[in-house]
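To start, I am sharing the structure in question, which I have written as structure tokens.
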Amino acid sequence: MDLPVVVRKDMRIYVSNRNRIYWSDRFLENWHTFEARVENAIALAWDSVEDRIYWSDIREKKIYSATRNGTNVTVFISEGLDVTEGIALDWIARNLYWVDSSLNTIEVASLERSSARFHFFIFYII
């Protein structure tokens with residue numbers, strides 16, 4: 001089974017140095033500063049359906065989203081977070097997953113209703 005491959009000319013790569021988020025074209029030739037203000041951005045994810053970027057901010061203990069250029073910033077998750085070090089976006093099921101290393105949890109929230117959250121606790125056996 002061959003699946004079609006789509007190459008968008010406006011593809012971007014996003015990186016964070018915690019204090020800022022930067023993006024570049026697919027050739028890594030032109031770097032730009034993401035417009036949204038960040039305090040301590042650790043993890044990034046892109047929603048290809050809504051064309052939004054999500055990031056976790058461990059200083060403000062929130063997960064935000066914004067358009068690809070950093071405008072129209074919204075708070076996605078505002079409570080119950082501590083050290084959110086990894087996020088992943090499921091664009092098919094419309095869920096955002098994150099790992100909180102301080103709370104020892106893996107959590108998921110619907111992109112359609114961020115109030116619909118589920119927690120999975122991580123237990124260590126020594």
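The values are calculated or read from the model by the stated rules, or taken from the named source; none is laboratory data. Source: prediction; values computed, not measured. Note that each Cβ is placed from the backbone with ideal geometry, even for glycine, and that neighbours are counted across all protein chains shown.
Of the numbered conditions (1) in a loop (DSSP other than H, G, I, E, B); (2) at pLDDT 90 or above; (3) surrounded by 13 or more Cβ atoms within 10 Å (Cβ to Cβ), N69 fails exactly one; give the number of that condition.
With (1) in a loop (DSSP other than H, G, I, E, B); (2) at pLDDT 90 or above; (3) surrounded by 13 or more Cβ atoms within 10 Å (Cβ to Cβ) applied to N69, the lone miss is (2).
Separate question: When residues of the range 60-89 are filtered for being under 14 Å from I106 (Cβ atoms), in contact with a strand residue (DSSP E or B) (Cβ under 6 Å, 6 or more places away or on another chain) and not aliphatic (A, V, I, L, M), how many remain?
4
A follow-up question, please. For A45, all conditions in the list (1) touching a strand residue (DSSP E or B) at 6+ places or on another chain (Cβ under 8 Å); (2) without any contact (Cβ under 8 Å) to a residue 40 or more places away in the chain; (3) under 14 Å from L111 (Cβ atoms) hold save one; what is the number of the exception?
Condition not satisfied by A45: (2).
Shifting gears a bit: Here are some residues: A88, A93. Which one is over 16 Å from V38 (Cβ atoms) and surrounded by fewer than 13 Cβ atoms within 10 Å (Cβ to Cβ)?
None of the others qualify; the one that does is A93.
Further question: Restricting the range 1-15 to residues that are among the aliphatic types (A, V, I, L, M) and surrounded by 10 or more Cβ atoms within 10 Å (Cβ to Cβ), which is modelled with the lowest pLDDT?
Top of the filtered list is M11.
In this structure, does R18 turn out to be in contact (Cβ under 8 Å) with a residue 12 or more places away in the chain, surrounded by fewer than 17 Cβ atoms within 10 Å (Cβ to Cβ) and assigned to a loop (DSSP other than H, G, I, E, B)?
It is true that R18 is in contact (Cβ under 8 Å) with a residue 12 or more places away in the chain, surrounded by fewer than 17 Cβ atoms within 10 Å (Cβ to Cβ) and assigned to a loop (DSSP other than H, G, I, E, B).
Name, by its number, the condition in (1) under 25 Å from E107 (Cα atoms); (2) in contact with a strand residue (DSSP E or B) (Cβ under 7 Å, 6 or more places away or on another chain) that does not hold for R12.
(1)
Within the range 97-115, can you find the residues that are assigned to a strand (DSSP E or B) and farther than 15 Å from I42 by Cα?
Start the filter on the range 97-115 by keeping residues that are assigned to a strand (DSSP E or B), which leaves 97-100, 105-110.
T105, I106, E107, V108, A109, S110, listed by residue number.
Mind checking whether some residue in the range 106-113 is exposed (fewer than 12 other Cβ atoms within 10 Å of the Cβ) and modelled with pLDDT under 90?
Checking the range 106-113: at least one residue is exposed (fewer than 12 other Cβ atoms within 10 Å of the Cβ) and modelled with pLDDT under 90.
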